[in-house]
Every structure is written in structure tokens, then in C-alpha cells.
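The values are calculated or read from the model by the stated rules, or taken from the named source; none is laboratory data. Since the model is a prediction, treat every value here as computed from it, not as a measurement. Because the Cβ atoms are built from the backbone with ideal geometry, glycine has one as well, and the counts that use them run over all protein chains shown. Ligands, DNA and RNA are stripped out before the accessible areas are found, and what is left, the full protein with its side chains, is counted by its heavy atoms. Shrake-Rupley method; radii C 1.70, N 1.55, O 1.52, S 1.80 Å.
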Amino acid sequence: MALEIERKWLVEKAVAEAVLNGEREGVDLPVEMSIIRQTYVLRGDHSVLRLRTQTNLMSKTHECFITVKGPSDVPGAVEEHEMAVPIESGISLMESVNTPVLTKMRYCIPYGEFMVEVDEFTDPELNGLVVAEVEFPEPDMAFIPPEWFGTEVTGHKQYANASLVKKISN
């Protein structure tokens, strides 16, 4: 398994729109835009099994992954094992399980040596929630967030995708 170390911030919707439209000085435009649909097939006390399809709108590629996430000994990190599956199989699996599906637009924006993933949730139950995530190769890496990031919500379980999907009624 690989170690996933990430931090997460809220972003105001109007600020996110300005960033994504290139109206924010000194901020690069997205280098990747994707539609992500995901569901959680199994949830334990400390681990989840996620099924995700991803359509990259720039490269016109479709991917599907099954991911297991669980606890780690490293503070602020989770163990993650991800396996690609054929997109047709993933779509079929997603349709066959009776679990809510979370949908979001993901925009990848370069920021120094990091890649910021801005997720705009499109399900009505999430009221246009926008978050920015940054993954780190090592724990405790120095990082100064850009001024357009809002409140940091790293570790706040209510902003974890596995929690957000529980609000979806599809």
C-alpha cells in the first residue's frame, strides 16, 4: 500500500470560479479537468472501499479505480491501495451496487512544486461545496497555501468524501 498525505481547504465558490476562469492574477489555469463519480461499496470503522470513474475532459480519457483506504501510523496520512479496472466493468459495478454516488468536477492547478486539486461538488445536496486538496510526498512538508484558499479542514471528517456521499440521495 502507498501512503496518502494530503491537506484540505474550503474555497468560496465565487473565488473558485475566478481562479478557474483565469481572473485571479498569478494563478495558473487548470492543466486538467475531470468529471469524477464515486461511491463507497464498503465502509468499516477505519477503512473504506471506494469505486471511482473519472473522465478527463481535456484528454478525453476514461478511467476507473477501486481503492482501499485505511489507517496509517503516520499522523495526517492514510494507507491507500488503488487498482485500475476496465471502465466498462467499473460502470457496471457502480450501477449494480445500491449506494449513493457522489459527483464532482476536479480541476488540477499547478502551484509551485505542488498540484492543487480543486473539487467542485455538483450534487444539489452539497450546495456547490468547493474544496482544494494538496498531496505531499512526505509528512510535515513546508507549505504556504495561496491566498485564495479558505479555512483549512484537514482532518475534519465531515469534509471527507466518504462522509459527504452520505448526504446524497440518488
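So the values come out like this:
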{"read-out": "Probe 1.4 Å, protein heavy atoms only - accessible area per residue of region 119-170 in square angstrom", "value": "56 Å²"}
{"read-out": "Region 1-96 - convex hull of alpha carbons, volume per residue in Å³", "value": "143 Å³"}
{"read-out": "C-alpha center-to-center spacing [region 127-154, region 41-60] in angstrom", "value": "20 Å"}
{"read-out": "Helix axis angle, 87-96 relative to the chain longest principal axis, alpha carbon, degrees", "value": "70 degrees"}
{"read-out": "Whole-percent carbon and sulfur share, accessible surface of region 43-120, 1.4 Å", "value": "55 percent"}
{"read-out": "Environment charge at M94 (Cβ cut-off 14 Å; Lys +1, Arg +1, Asp -1, Glu -1)", "value": "0"}
{"read-out": "Cα Rg, Dmax, region 76-170, angstrom units", "value": "15.5, 43"}
{"read-out": "9 Å beta-carbon shell around G70, net charge (K/R +1, D/E -1)", "value": "-1"}
{"read-out": "Label assignment, P(r) over Cα pairs in 10 Å bins from 0, in percent derived from the structure, set (1) 9, 32, 27, 17, 10, 4, 1; (2) 11, 30, 31, 17, 8, 2, 1; (3) 9, 36, 40, 14, 1", "value": "(3)"}
{"read-out": "Ordering of 146-152, 52-58, 21-27 by burial proxy (mean other Cβ atoms within 10 Å per residue, highest first)", "value": "52-58, 146-152, 21-27"}
{"read-out": "Size of charge dipole - region 61-170 - debye, nearest 20, with Cβ of Lys, Arg +1 and Asp, Glu -1, no other charges", "value": "480 debye"}
{"read-out": "Over 20 Å between alpha carbons, listed pairs K13/K60; K60/K166; K8/K104; K13/K166", "value": "K13/K60; K60/K166; K13/K166"}
{"read-out": "For region 95-142, the spread of Cα positions along each principal axis, largest first, Å", "value": "40, 22, 15"}
{"read-out": "Helix-only mean residue ellipticity at 222 nm for the chain, each DSSP H run of n ≥ 4 adding -39500 (n - 2.57), per residue, nearest 500", "value": "-3500 deg cm²/dmol"}
{"read-out": "Rounded accessible area per residue of region 1-75, 1.4 Å, Å²", "value": "57 Å²"}
